[in-house]
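S.K.: Let me give you the structure first, and then I'll get to my questions.
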Amino acid sequence: MKHSIITRLVMMFAASALIIFSLIGGVLYAVVKNELLRHERDGLVTTFNDIEYMVSRIGTVDRWARVQTKLDTLTPADGKVRFWVFSDDPRFSYGKDLAELHEFDYDPKNIGRLRIKGKEFPLHTLTKILPAYLDRPAIRLTVGVDTEPYFETLRTFVAAMIGLSLIGVFLVILFGYWIARTGLQPLKKMSDKAQTLSPKNLSERLTVSALPDELSDLAQAFNGALDRMENAYKQLEAFNADVAHELRTPLANLIGETQVALSRERSAPEFETVLQSNLEELDRLRSIINDMLFLARCDQGEAATSLVHTLIADEVQKTIEFFEFVLDEMQMTVEVTGDIHASSMIETALFRRALTNLLQNAIQHSPAGARIKVSIDAQNKDVQVAVSNPGEPIEQRHLPRLFDRFYRVDTARREIDGIHGHGLGLAIVKAIALMHGGTAFAASRGGITTIGFTVGGKAA
């Protein structure tokens, strides 16, 4: 069962109060019990000393009668105090029910408990053997005090403590609820503020300075999440717009060319030309869709699985050979530098795809006759591959976004003849780097643009 934070806090307050009151009550009960017992014993000792002083000095039968009269006078009608004198000589005995009470237990300090028929509570007794004196033999003097006031006081104290504890717990619950509700008010305001957020006002943020210290970190984390959500939402809007743009152009070409072809009778060669053009547009659509599906799988956490121990320079050289025709046509050259013996665990197909995109990008943005450089650098457990090309510099504000989907520095979306691209190439490079436990990076200085990626885990 789920409970609100307020309910949990109130329950914890109540449990804590109950434990504290129980501990305090237990300690007070022990103190009160000991004090009552001490007072009771002090009174018993005082009474016993008075009677002992009188009895110990009586040693004749005629004077013993005066002792009995005195003890009768000192015995209250309610029997709260009782006296017994046990003696082998009946003439020197005193007290009711002597035969039944002749034997009872008491501790080494002569303190004992004696139960009398008809009484709910026992008597607290003090017993002492008095030596023989004149005609009187040795006697055993016992004084008993009723413990009813003692037990009744304890019973009243316990009842009062239980009642006060329950009232205290109830008050703690009431005040705890008020305290928890008041203390969590900033959190409720945060919740209310969060509920007002919508795609129309994603720029809204929580005011951290107005919150308690305990919630400021949470508010900052929440604002950070809002920043990321706002950026993601903007990227999604831009992504949707770019997808629509990229798909609309080939679809419009397909529809336009087909309509023109059907507007009048055409010969077979003419239809073949139209179909060939449509096939190119369809291939472009397929490429866009395949790239989008690949990025979608990467977003879901797909990692490179078919890893093999490979020399990076060999894979770079094989990829460069793929561009040999384009490089010759544009009179460009590619130079491989760095650690040509660097190796790593990579999925070769993905690695070549990432490097292909980087070379396409370098060729597309380099002037004819340019010299492109591919550098390989082994750094600890990572291997870094970077492609550098001369060309127009890229402003620093664009560099962090080069790997966003459909992002182009050139807003005119221009393409070089013979080089196919639709704004997903560098996004795929970054995705492949992440699939290999690496990262992507970009820099532009002195008319040289460098874009590359790393693959993690240099093979042993």
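S.K.: Regarding residue 164, is this residue at pLDDT 90 or above, in contact with a Gly (Cβ under 9 Å, 6 or more places away or on another chain), part of a helix (DSSP H, G or I) and surrounded by fewer than 15 Cβ atoms within 10 Å (Cβ to Cβ)?
M.R.: Values: at pLDDT 90 or above: yes; in contact with a Gly (Cβ under 9 Å, 6 or more places away or on another chain): yes; part of a helix (DSSP H, G or I): yes; surrounded by fewer than 15 Cβ atoms within 10 Å (Cβ to Cβ): yes.
Here the answer is yes, as residue 164 does meet what is asked.
S.K.: Whether any residue in the stretch 347-355 is assigned to a strand (DSSP E or B) and out of contact with any Asp or Glu (no Cβ under 9 Å at 6 or more places or on another chain) is what I want to check. Steps first, please.
M.R.: Here is the first cut: in the stretch 347-355, the ones assigned to a strand (DSSP E or B) are none.
No; the residues of the stretch 347-355 include none that is assigned to a strand (DSSP E or B) and out of contact with any Asp or Glu (no Cβ under 9 Å at 6 or more places or on another chain).
A quick yes/no check of all residues on (1) at pLDDT 75 or above; (2) farther than 30 Å from residue 10 by Cβ:
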| position | (1), (2) |
| --- | --- |
| 196 | no, no |
| 206 | no, no |
| 210 | no, no |
| 220 | yes, no |
| 242 | no, yes |
| 256 | yes, yes |
| 260 | yes, yes |
| 263 | yes, yes |
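S.K.: For the stretch 116-126, does any single residue satisfy the condition of being open to solvent by less than 90 Å² (accessible area, probe 1.4 Å), more than 20 Å from residue 10 (Cα to Cα), among the charged types (D, E, K, R) and assigned to a strand (DSSP E or B)?
M.R.: no
S.K.: Report, by residue number, each residue of the stretch 50-64 that is open to solvent by 50 Å² or more (accessible area, probe 1.4 Å), farther than 14 Å from residue 142 by Cα and assigned to a helix (DSSP H, G or I).
M.R.: Those that are open to solvent by 50 Å² or more (accessible area, probe 1.4 Å), farther than 14 Å from residue 142 by Cα and assigned to a helix (DSSP H, G or I): 61, 62, 63.
S.K.: Quick test of your reading of the structure: residue 358 fulfils all but one of (1) among the aliphatic types (A, V, I, L, M); (2) within 24 Å of residue 434 (Cα to Cα); (3) part of a loop (DSSP other than H, G, I, E, B). Name the failing condition by number.
M.R.: (3)
S.K.: Another question, if that's okay. If you scan the stretch 110-125, which residues turn out to be more than 13 Å from residue 145 (Cα to Cα) and at pLDDT 80 or above?
M.R.: At the first step, the residues of the stretch 110-125 found to be more than 13 Å from residue 145 (Cα to Cα) are 110, 117-118, 120.
Answer for the stretch 110-125, where residues must be more than 13 Å from residue 145 (Cα to Cα) and at pLDDT 80 or above: 110, 120.
S.K.: Checking the conditions here, which among 10, 32 is farther than 26 Å from residue 140 by Cβ, at pLDDT below 90, open to solvent by less than 70 Å² (accessible area, probe 1.4 Å) and assigned to a helix (DSSP H, G or I)? Let's see the steps before the verdict.
M.R.: Details: 32 fails: at pLDDT below 90.
Selected residue: 10, the only one of 10, 32 that is farther than 26 Å from residue 140 by Cβ, at pLDDT below 90, open to solvent by less than 70 Å² (accessible area, probe 1.4 Å) and assigned to a helix (DSSP H, G or I).
S.K.: I've got another one for you. Quick check: is even one residue across the stretch 85-105 assigned to a loop (DSSP other than H, G, I, E, B), closer than 29 Å to residue 33 by Cβ and open to solvent by 90 Å² or more (accessible area, probe 1.4 Å)?
M.R.: Looking through the stretch 85-105, at least one residue is assigned to a loop (DSSP other than H, G, I, E, B), closer than 29 Å to residue 33 by Cβ and open to solvent by 90 Å² or more (accessible area, probe 1.4 Å).
Residue-by-condition table, conditions (1) touching a strand residue (DSSP E or B) at 6+ places or on another chain (Cβ under 8 Å); (2) buried (at least 17 other Cβ atoms within 10 Å of the Cβ); (3) outside any loop (DSSP other than H, G, I, E, B); (4) free of Cβ contacts under 8 Å to residues at least 40 places away in the same chain:
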| position | (1), (2), (3), (4) |
| --- | --- |
| 244 | no, no, yes, yes |
| 252 | no, no, yes, yes |
| 257 | no, no, yes, yes |
| 266 | no, no, no, yes |
| 270 | no, no, yes, yes |
| 275 | no, no, yes, yes |
| 284 | no, yes, yes, no |
| 317 | yes, no, yes, yes |
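S.K.: Another question about this same structure. Listed residues 136, 140; which is at pLDDT 75 or above, among the charged types (D, E, K, R), touching a strand residue (DSSP E or B) at 6+ places or on another chain (Cβ under 7 Å) and open to solvent by less than 60 Å² (accessible area, probe 1.4 Å)? Give the derivation first.
M.R.: Values: 136 fails: touching a strand residue (DSSP E or B) at 6+ places or on another chain (Cβ under 7 Å).
Criteria check complete, one pass: 140.
S.K.: Any chance the stretch 172-181 includes a residue that's in contact with a Ser or Thr (Cβ under 7 Å, 6 or more places away or on another chain) and open to solvent by 30 Å² or more (accessible area, probe 1.4 Å)? Don't jump to the end; show me each part of the working.
M.R.: Here is the first cut: in the stretch 172-181, the residues in contact with a Ser or Thr (Cβ under 7 Å, 6 or more places away or on another chain) are none.
Within the stretch 172-181, not a single residue is in contact with a Ser or Thr (Cβ under 7 Å, 6 or more places away or on another chain) and open to solvent by 30 Å² or more (accessible area, probe 1.4 Å).
S.K.: Any idea how many residues of the stretch 247-295 are out of contact with any Asp or Glu (no Cβ under 6 Å at 6 or more places or on another chain), more than 27 Å from residue 432 (Cα to Cα) and among the hydrophobic types (A, V, I, L, M, F, W, C)?
M.R.: 10
S.K.: So, of the residues in the stretch 370-400 that are charged (D, E, K, R) and modelled with pLDDT of 85 or more, which turns out to be nearest to residue 357 (Cα to Cα)? First the steps, then the outcome.
M.R.: Step one: filter the stretch 370-400 for residues charged (D, E, K, R), giving 371, 373, 377, 381-382, 392, 395, 397.
If we keep only those that are modelled with pLDDT of 85 or more too, we end up with 371, 373, 377, 382, 392, 395, 397.
Working: 371: 17, 373: 15, 377: 19, 382: 20, 392: 19, 395: 21, 397: 22 Å.
So the residue we want is 373.
S.K.: Another question, then. Cβ-Cβ below 6 Å, separation at least six or inter-chain, first residue in the stretch 50-79 and under 20 Å from residue 90 (Cβ atoms) and aromatic (Phe, Trp, Tyr), second in a loop (DSSP other than H, G, I, E, B) and open to solvent by less than 50 Å² (accessible area, probe 1.4 Å): which pairs?
M.R.: Partner pairs satisfying both residue conditions: 64/58.
S.K.: For the stretch 143-161, what are the residues that are buried (at least 16 other Cβ atoms within 10 Å of the Cβ) and either assigned to a strand (DSSP E or B) or among the hydrophobic types (A, V, I, L, M, F, W, C) (or both)?
M.R.: Across the stretch 143-161, the qualifying residues are 143, 144, 145, 146, 154, 157, 161.
S.K.: Another one. Give the stretch 319-346 a look and list any residue that's in a strand (DSSP E or B), β-branched (Val, Ile, Thr), in contact (Cβ under 8 Å) with a residue 40 or more places away in the chain and open to solvent by 20 Å² or more (accessible area, probe 1.4 Å), or say none.
M.R.: At the first step, the residues of the stretch 319-346 found to be in a strand (DSSP E or B) are 333-338, 343-346.
Within this subset, residues satisfying the condition of being β-branched (Val, Ile, Thr) are 333-334, 336-337, 346.
Still in the list and also in contact (Cβ under 8 Å) with a residue 40 or more places away in the chain: 334, 336, 346.
334, 336 - these are the residues of the stretch 319-346 that are in a strand (DSSP E or B), β-branched (Val, Ile, Thr), in contact (Cβ under 8 Å) with a residue 40 or more places away in the chain and open to solvent by 20 Å² or more (accessible area, probe 1.4 Å).
S.K.: Scan the stretch 293-306 residue by residue and report those that are among the hydrophobic types (A, V, I, L, M, F, W, C) and either closer than 17 Å to residue 356 by Cα or assigned to a loop (DSSP other than H, G, I, E, B) (or both).
M.R.: First, pick out the residues of the stretch 293-306 that are among the hydrophobic types (A, V, I, L, M, F, W, C): 293-296, 298, 303-304.
294, 295, 303, 304 - these are the residues of the stretch 293-306 that are among the hydrophobic types (A, V, I, L, M, F, W, C) and either closer than 17 Å to residue 356 by Cα or assigned to a loop (DSSP other than H, G, I, E, B) (or both).
S.K.: Related question: What pairs come out if I take residues in the stretch 351-370 that are under 15 Å from residue 384 (Cα atoms) and among the aromatic types (Phe, Trp, Tyr) and pair them with residues that are open to solvent by less than 50 Å² (accessible area, probe 1.4 Å) and not in a helix (DSSP H, G or I) whose C-beta lies under 9 Å away, six or more apart or interchain?
M.R.: Hits for this filter: 351/304; 351/310; 351/344; 351/385; 351/436; 351/455.
The values are calculated or read from the model by the stated rules, or taken from the named source; none is laboratory data. This is a predicted model, so every value here is computed, not measured. So basically every Cβ, Gly included, is an ideal-geometry build from the backbone, and we count neighbours across all protein chains shown. Heavy atoms of the whole protein, side chains included, go into the accessibility calculation; ligands, DNA and RNA do not. Shrake-Rupley method; radii C 1.70, N 1.55, O 1.52, S 1.80 Å.
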